[in-house]
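Please read the structure below before turning to the comments.
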Amino acid sequence: MTPRPVIGISTSVLDAAWGRWDSIRTVLLAERYPSVVQAAGGLAVLLPPDAAEHAADAVARIDALVIAGGADVDPARYGAARHPETDGGEPERDVWESALLRAALAAELPVLGICRGMQLLNVVRGGTLLQHLPDVVGHQGHIGAPGTYGRHPVRPVPGTLLGELLPDPSVDVPTYHHQAVDRLGQGLSVSAWAEDGTVEAIEGAGFTLGVQWHPEQGDDLRLMTALVRTAAAVRAQAAVTA
């Protein structure tokens with residue numbers, strides 16, 4: 001049997017409660033992330049925050065990287081003052097995931113950034129973020145009610161990687177975010193837009209893709225299947241040249 005490609009997924013470390021435990025430091029990730037990786041044919045491995053110097057070692061042991069959604073990226077990372085609506089973030093996670101992304105890009109590993117993951121990809125490449133999107137677009141349409149995901153259409157750009165994976169003129173997606181890409185990072189291009197002009201996907205060389213929505217919260221497996229398929233091809237090529 002051909003081994004499944006190993007897909008590393010970043011996580012948070014937060015206080016959580018269950019059973020008799022009121023508050024315990026916990027490696028935390030929504031179950032939908034690994035379940036969608038598994039459904040697409042990959043082996044999901046969680047990557048909790050670690051020291052940045054270990055990122056290349058972690059990347060060497062996986063076949064593709066997913067940077068999951070979560071807290072706002074520290075605006076100091078892109079030279080901005082904190083907006084009143086920007087949350088406190090997870091500084092340890094910012095450091096670790098930035099190092100993972102740099103290592104993965106250097107190794108030409110397939111990368112998928114989801115929501116915060118797309119934003120951090122842009123920041124790592126020298127771009128900036130809009131810290132509170134409603135200030136710009138004048139509505140709350142990118143955020144669902146508390147504890148739920150909203151939905152809205154996005155328009156993939158023909159001729160891009162995303163346009164090949166999602167060739168539909170418009171795709172309805174699950175969404176929950178209040179920040180977005182502002183100035184694009186080096187080597188990145190826009191590959192999907194919302195109807196209000198918000199950048200909804202960015203991409204770089206090879207399979208380097210960021211999407212502002214949450215594909216793991218829907219039934220459309222095309223993006224994750226493509227990531228796993230590309231990871232399997234990279235793994236096979238590495239085995240041939242080893």
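The values are calculated or read from the model by the stated rules, or taken from the named source; none is laboratory data. Since the model is a prediction, treat every value here as computed from it, not as a measurement. Positions of Cβ are backbone-derived with ideal geometry, glycine not excepted, and every protein chain shown enters the neighbour counts. Side chains are part of the model used for accessible areas, which takes the heavy atoms of the whole protein and leaves out ligands, DNA and RNA. Shrake-Rupley method; radii C 1.70, N 1.55, O 1.52, S 1.80 Å.
Is it the case, given these coordinates, that Ala44 is open to solvent by less than 70 Å² (accessible area, probe 1.4 Å), among the aliphatic types (A, V, I, L, M) and more than 18 Å from the chain's Cα centre (by Cα)? Considered against the rule, which asks whether it is open to solvent by less than 70 Å² (accessible area, probe 1.4 Å), among the aliphatic types (A, V, I, L, M) and more than 18 Å from the chain's Cα centre (by Cα), Ala44 comes out as no.
If you check Gly113, Gly88, Gly117, which single one turns out to be open to solvent by 20 Å² or more (accessible area, probe 1.4 Å) and either in contact (Cβ under 8 Å) with a residue 60 or more places away in the chain or not acidic (Asp, Glu) (or both)?
Numbers: Gly113 fails: open to solvent by 20 Å² or more (accessible area, probe 1.4 Å); Gly117 fails: open to solvent by 20 Å² or more (accessible area, probe 1.4 Å).
Matching residue, one of Gly113, Gly88, Gly117: Gly88.
When the residues of the stretch 1-22 are filtered to those that are of a type in the set (A, V, I, L, M) and in contact with a Pro (Cβ under 9 Å, 6 or more places away or on another chain), the one that is most open to solvent (accessible area, probe 1.4 Å) is Val13. Scanning the stretch 1-47 for residues that are closer than 24 Å to Leu221 by Cβ and assigned to a loop (DSSP other than H, G, I, E, B) yields a count of 12.
Just one residue in the set Gly197, Gly204, Gly210 is over 13 Å from the mean Cα position of the chain (by Cα) and surrounded by 17 or more Cβ atoms within 10 Å (Cβ to Cβ); that residue is Gly204.
Only one of Ala30, Ala58, Ala68 is touching a residue at least 40 places away in the same chain (Cβ under 8 Å) and either open to solvent by 70 Å² or more (accessible area, probe 1.4 Å) or more than 27 Å from His132 (Cα to Cα) (or both). Can you tell me which?
Details: Ala30 fails: either open to solvent by 70 Å² or more (accessible area, probe 1.4 Å) or more than 27 Å from His132 (Cα to Cα) (or both); Ala68 fails: either open to solvent by 70 Å² or more (accessible area, probe 1.4 Å) or more than 27 Å from His132 (Cα to Cα) (or both).
Of Ala30, Ala58, Ala68, the one residue that is touching a residue at least 40 places away in the same chain (Cβ under 8 Å) and either open to solvent by 70 Å² or more (accessible area, probe 1.4 Å) or more than 27 Å from His132 (Cα to Cα) (or both) is Ala58.
Restricting the search to the stretch 120-177, which residues are among the hydrophobic types (A, V, I, L, M, F, W, C), in a loop (DSSP other than H, G, I, E, B) and either open to solvent by 30 Å² or more (accessible area, probe 1.4 Å) or farther than 23 Å from Asp220 by Cα (or both)?
We begin by selecting, within the stretch 120-177, every residue among the hydrophobic types (A, V, I, L, M, F, W, C); these are 120-121, 123-124, 129-130, 133, 136-137, 143, 145, 154, 157, 161-162, 165-166, 171, 173.
In the following step, the residues that additionally are in a loop (DSSP other than H, G, I, E, B) were identified as 133, 143, 145, 157, 166.
Selection gives Leu133, Ile143, Ala145, Val157.
So is Gln131 modelled with pLDDT of 95 or more, touching a helix residue (DSSP H, G or I) at 6+ places or on another chain (Cβ under 8 Å) and closer than 13 Å to Ala180 by Cβ or not? Give the derivation first.
Details: modelled with pLDDT of 95 or more: yes; touching a helix residue (DSSP H, G or I) at 6+ places or on another chain (Cβ under 8 Å): yes; closer than 13 Å to Ala180 by Cβ: yes.
Yes: the conditions hold for Gln131.
Kindly evaluate Ala192 against the criterion of being open to solvent by less than 60 Å² (accessible area, probe 1.4 Å), in contact with a helix residue (DSSP H, G or I) (Cβ under 7 Å, 6 or more places away or on another chain), within 27 Å of Gly127 (Cα to Cα) and not in a helix (DSSP H, G or I). It is true that Ala192 is open to solvent by less than 60 Å² (accessible area, probe 1.4 Å), in contact with a helix residue (DSSP H, G or I) (Cβ under 7 Å, 6 or more places away or on another chain), within 27 Å of Gly127 (Cα to Cα) and not in a helix (DSSP H, G or I).
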